[in-house]
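The values are calculated or read from the model by the stated rules, or taken from the named source; none is laboratory data. If you're wondering where the values come from, they're calculated on a predicted model, not measured in any experiment. Reconstructed Cβ throughout: ideal geometry from the backbone, glycine too, with neighbour counts over all protein chains shown.
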Amino acid sequence: MLTIENLNVYYGQSHILRQVNLHVPTGQVACLMGRNGAGKTTLLKSIMGLLPARSGRITFKERDLTKHTIHQRARLGIGYVPQGREIFPQLSVLENLRLGLEARMDKQRVIPEEVFRLFPGLRAILHRQGGLLSGGQQQQLAIARALVAEPEFLLLDEPTEGIQPSIILEIEEVIAHLKAQGKVTLLLVEQYIEFAERVADIYYIMDKGVIVAQGTRQEIGEEIVRRHLTV
């Protein structure tokens, strides 16, 4: 589904991602983990086209994304929920959701009913301003907005950050549902190890812009996790 080969990304003169290689098979949930500043968010932004690659290759469904714009990548079926959610606070929940329709290839202008089945609480607050929602509701809205486009591949950056336990459980159930359906492949950045263990199939550990370990939780082992994830 998504393959990254020898990716190098810079911020100005600072070399942030160094020869990154990563593969997410169709239908699986991959979790990218590492300490703050390791380069995880930079990698997601690079996949989405928000940051240019200095060298290397990103392939989605055997298509080289190197020269594709952000909009083109979204139209190809890549959804993105950034860290901090980044909803539009002055727009209503409904208006935020409708923005997700812009990424659809079929020009559909009706929000899929599946979005409300996954996040039933949003239906009751459709006309509330996004800025008036709780952090958990904003995260639900951000994920729902990405799912409006019915992406084949979804990038989630720290979906549990600053969220109350009940909402974390709901997000976990949504990920499990998407995985069971087999229609969406996911790459998520996550610091909450217990959450990651419940949803992920494969793990990539990043340190200072380099992938230092990869595999299943058992293959990576406790020692690697402690070394690269604990403070």
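Annotations for the structure displayed:
- Flag if residue 218 is buried (at least 22 other Cβ atoms within 10 Å of the Cβ) and assigned to a helix (DSSP H, G or I): no
- Every test in (1) under 30 Å from residue 22 (Cα atoms); (2) hydrophobic (A, V, I, L, M, F, W, C); (3) not in a helix (DSSP H, G or I) is passed by residue 110 save one, and that test is (1).
- Only a single item in (1) modelled with pLDDT under 90; (2) surrounded by fewer than 14 Cβ atoms within 10 Å (Cβ to Cβ) is not met by residue 123, and it is number (1).
- Out of 1, 33, sole residue that is in contact with a Ser or Thr (Cβ under 7 Å, 6 or more places away or on another chain) and modelled with pLDDT under 95: 1
- Residue within the range 191-200 that is surrounded by fewer than 17 Cβ atoms within 10 Å (Cβ to Cβ), in contact (Cβ under 8 Å) with a residue 60 or more places away in the chain and either in a strand (DSSP E or B) or hydrophobic (A, V, I, L, M, F, W, C) (or both) present: yes
Residue by residue, here is whether (1) in contact with a Ser or Thr (Cβ under 8 Å, 6 or more places away or on another chain); (2) over 28 Å from residue 116 (Cα atoms) holds:
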residue	(1), (2)
21	no, yes
37	no, yes
44	no, no
59	yes, yes
71	no, no
75	no, no
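- Restricting 171, 143 to those that are within 16 Å of the chain's Cα centre (by Cα), part of a helix (DSSP H, G or I) and at pLDDT 95 or above reduces the list to 143.
- The single condition among (1) charged (D, E, K, R); (2) modelled with pLDDT under 90; (3) within 15 Å of residue 40 (Cα to Cα) that residue 183 does not meet is (3).
- Residue match in the range 211-230 (condition: among the small types (Gly, Ala, Ser) and touching a Ser or Thr at 6+ places or on another chain (Cβ under 9 Å)): no
- Set 95, 114: member being of a type in the set (Asp, Glu) and within 17 Å of residue 175 (Cα to Cα): 114
- Of residues in the range 221-231 being of a type outside the set (Lys, Arg) and over 20 Å from the mean Cα position of the chain (by Cα), the one surrounded by the fewest Cβ atoms within 10 Å (Cβ to Cβ): 231
- Filter result for residue 48 (within 13 Å of the chain's Cα centre (by Cα) and more than 24 Å from residue 216 (Cα to Cα)): yes
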